[in-house]
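The values are calculated or read from the model by the stated rules, or taken from the named source; none is laboratory data. Being a predicted model, the structure only gives us computed values, none of them experimental. All Cβ positions, even for glycine, are placed from backbone atoms using ideal geometry, and neighbour counts span all protein chains on display. For the accessible areas, the whole protein counts, side chains as well, though only heavy atoms, and no ligand, DNA or RNA atoms are used. Shrake-Rupley method; radii C 1.70, N 1.55, O 1.52, S 1.80 Å.
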Amino acid sequence: MPTSRRQALAVLASTAGASLLPETSTAAVKSPSFVPCLNMSTIRGQKLGFVKELETASKAGFRSVEVWMETLQEFVKSGNTPAQARKIADDLGIKIENAIGFAAWIVHDETARTKGVDQLKREMELLAQVGCMRVATPPVGAQSPQSPRIDLLKAAERYRTILEISDQTGVIPQLELWGFSKNLNLLSEVMYVAIQSGHPSARLLLDVYHLYKGGSSLDSLKLVGKPGIEIFHINDYAAGFPKETIVDADRVYPGDGIAPIGQILKIIKNPDRPIVLSLEVFNKSYYAQDALQVAKTGLAKINKVIAGI
């Protein structure tokens with residue numbers, strides 16, 4: 001064996017997490033336009049915990065993930081540190097692109113909103129230590145049918161408030177569209193709120209399923225400026241699920257349904273920067289399967305979609 005090859009293998013073997021490196025055939029496809037990512041919702045039903053979720057993603061071939069705040073916080077509460085979380089991800093060759101949180105930053109009630117903003121600030125400070133520089137900010141607390149309609153000018157002011165926290169933490173709130181929500185369920189609404197916030201870091205977090213569920217037109221998607229999307233949730237839905245009755249758990253792997261994914265990706269494709277395509281499904285049939293197999297299958301499905309763009 002040539003010395004250079006022997007040395008390379010020795011370095012690889014000595015690297016932390018080397019046993020979890022992905023098989024070449026299942027590794028993420030390198031694309032100038034898109035980065036495959038695993039949202040831990042996809043294997044959340046297996047209840048693996050923070051470390052095993054990262055290990056599973058890495059072994060499946062993902063180099064990028066979205067974590068859930070609850071899982072990260074449980075890891076820290078159990079006696080670990082943010083620095084340890086960051087090192088584990090680094091050793092596995094994983095970049096934590098975003099975190100899924102549920103702070104009530106937008107609600108009408110001032111006391112509840114203050115509490116929600118304080119919660120989000122603490123979460124953003126934790127994420128900065130972990131090396132995750134984005135956090136999802138959906139309209140938590142304002143999503144139910146009984147929720148009052150929030151004036152979009154007020155929503156923009158409240159979004160700016162949490163964007164200003166990012167000026168100190170560096171963690172950018174991604175304004176998330178929820179298609180089922182009473183508020184911010186349309187692309188036009190989140191676009192207005194982001195623009196009206198007047199903050200340079202304003203970003204949208206969109207989703208194949210939520211665009212369909214809320215009834216947003218893909219023709220409007222063309223109006224979103226290229227800097228406005230850094231992460232996009234990718235999934236699919238089968239025929240026979242009208243938007244009025246489809247639910248989160250009905251999402252399937254991209255390519256297994258009828259969603260116009262190719263059209264969507266061509267619209268959002270950014271020539272200046274790759275967009276993170278994060279697989280977000282909540283499918284109970286996937287939760288009944290081996291988590292590694294689910295992650296591998298998901299990556300293969302994303303790679304196939306990317307190859308067609």
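Within region 258-269, residues that are in contact (Cβ under 8 Å) with a residue 40 or more places away in the chain and under 11 Å from G308 (Cα atoms) have Cβ atoms under 6 Å from residues that are open to solvent by less than 30 Å² (accessible area, probe 1.4 Å) and part of a loop (DSSP other than H, G, I, E, B) in these pairs: I261/P254, counting only partners at least 6 apart in sequence or on another chain. Restricting E55, E70 to those that are within 20 Å of Q174 (Cβ to Cβ), in a helix (DSSP H, G or I) and open to solvent by 30 Å² or more (accessible area, probe 1.4 Å) reduces the list to E70.
One residue is enough: does region 28-49 have a residue meeting the conditions surrounded by 14 or more Cβ atoms within 10 Å (Cβ to Cβ), modelled with pLDDT under 95 and not polar (S, T, N, Q)? Yes: one or more hits. The residues in region 193-220 that are within 30 Å of D256 (Cα to Cα) and among the aliphatic types (A, V, I, L, M) can be counted, and the count is 6.
Residues considered: L177, L153. Of these, the only one that is in contact with a helix residue (DSSP H, G or I) (Cβ under 6 Å, 6 or more places away or on another chain), at pLDDT 95 or above and farther than 30 Å from Q84 by Cα is L177. Within the group P242, P254, P200, which residue is touching a helix residue (DSSP H, G or I) at 6+ places or on another chain (Cβ under 9 Å) and either open to solvent by 10 Å² or more (accessible area, probe 1.4 Å) or without any contact (Cβ under 8 Å) to a residue 40 or more places away in the chain (or both)? Within the list P242, P254, P200, the selection yields P200.
Restricting attention to region 262-270, does a residue exist that is buried (at least 18 other Cβ atoms within 10 Å of the Cβ) and touching a Gly at 6+ places or on another chain (Cβ under 8 Å)? Scanning region 262-270 turns up no residue that is buried (at least 18 other Cβ atoms within 10 Å of the Cβ) and touching a Gly at 6+ places or on another chain (Cβ under 8 Å).
N80 falls short on exactly one of the conditions (1) crowded, with 16+ Cβ neighbours inside 10 Å; (2) out of contact with any Phe, Trp or Tyr (no Cβ under 6 Å at 6 or more places or on another chain); (3) within 21 Å of V130 (Cα to Cα); (4) at pLDDT 95 or above, and that condition is (1). Out of all the residues in region 237-259, is one or more of a type in the set (S, T, N, Q) and in contact with a strand residue (DSSP E or B) (Cβ under 9 Å, 6 or more places away or on another chain)? Looking through region 237-259, none of the residues is of a type in the set (S, T, N, Q) and in contact with a strand residue (DSSP E or B) (Cβ under 9 Å, 6 or more places away or on another chain).
Of the residues in region 96-116, at least one is open to solvent by less than 10 Å² (accessible area, probe 1.4 Å), more than 18 Å from R44 (Cβ to Cβ) and in a helix (DSSP H, G or I).
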